[in-house]
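This report refers to the structure that appears directly beneath it.
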Amino acid sequence: REIEICACRPWNPSGIMVEKGQEYDFQIIQDQQMEAWIDGSTEATPLNGWTGKMETTIGYLVGFLKRSDKANWYALIGTVGQSDQDSFQVSLKSVVMTARGELYFFANDMEGRYFNNKGFIKLKISRVK
């Protein structure tokens, strides 16, 4: 299944219900019409988040403010249900679900700072087992 994820939303529902122990693959689909993934004026990538040297240094110093400690600032994060505690980084590796519920996604930003986020991506979600 393919879904669109907006960097401006703190929760992007997928409509996909998962069970604990199921395994999923994620693939970001490149599309010429997609907007850039931007935090304020800082460009980023959904897989790596902030990539500039200055942003990476600043991000390290204030890393305790981001929603998930499992990925860089502004990287794409998934959760089962709306809980930051059960988050995982969306990467090129498959992910085994740790709980039962609906998959949600967000850019790894600080809570309450989604108003200056821009861009959206398409994500393909496939069940492996």
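The values are calculated or read from the model by the stated rules, or taken from the named source; none is laboratory data. Just so you know, these numbers come straight off a predicted model, no measurement behind them. With ideal geometry, Cβ positions are generated from the backbone for all residues, glycine too; neighbour counts draw on all protein chains shown. Side chains included, ligands, DNA and RNA excluded: accessible areas come from the protein's heavy atoms. Shrake-Rupley method; radii C 1.70, N 1.55, O 1.52, S 1.80 Å.
Computed from backbone phi, the HN-Hα couplings of region 81-96 come to x, 9, 9, 5, 5, 9, 8, 9, 7, 7, 9, 7, 9, 6, 10, 8 Hz, rounded to whole numbers (Karplus: 6.51 cos²θ - 1.76 cosθ + 1.60, θ = phi - 60°; Gly and Pro given as x). Using the Stokes-Einstein relation with a Kirkwood hydrodynamic radius computed over Cα pairs, the translational diffusion coefficient of the chain at 20 °C and a viscosity of 1.002 mPa s comes to 146 µm²/s. Measuring nothing but protein heavy atoms, the accessible surface of the chain at 1.4 Å probe radius is 50 percent carbon and sulfur. Here is the list for region 55-129: GluC sites (Glu not before Pro) lying in DSSP coil, each with at most 11 other C-beta atoms within 10 angstrom of its C-beta, are E111.
About its Cα centre, the chain has a charge dipole of approximately 240 debye under the convention of +1 per Lys or Arg Cβ and -1 per Asp or Glu Cβ, with nothing else charged.
The residues of region 82-129 expose on average 55 square angstrom of accessible surface per residue, using a 1.4 Å probe on protein heavy atoms.
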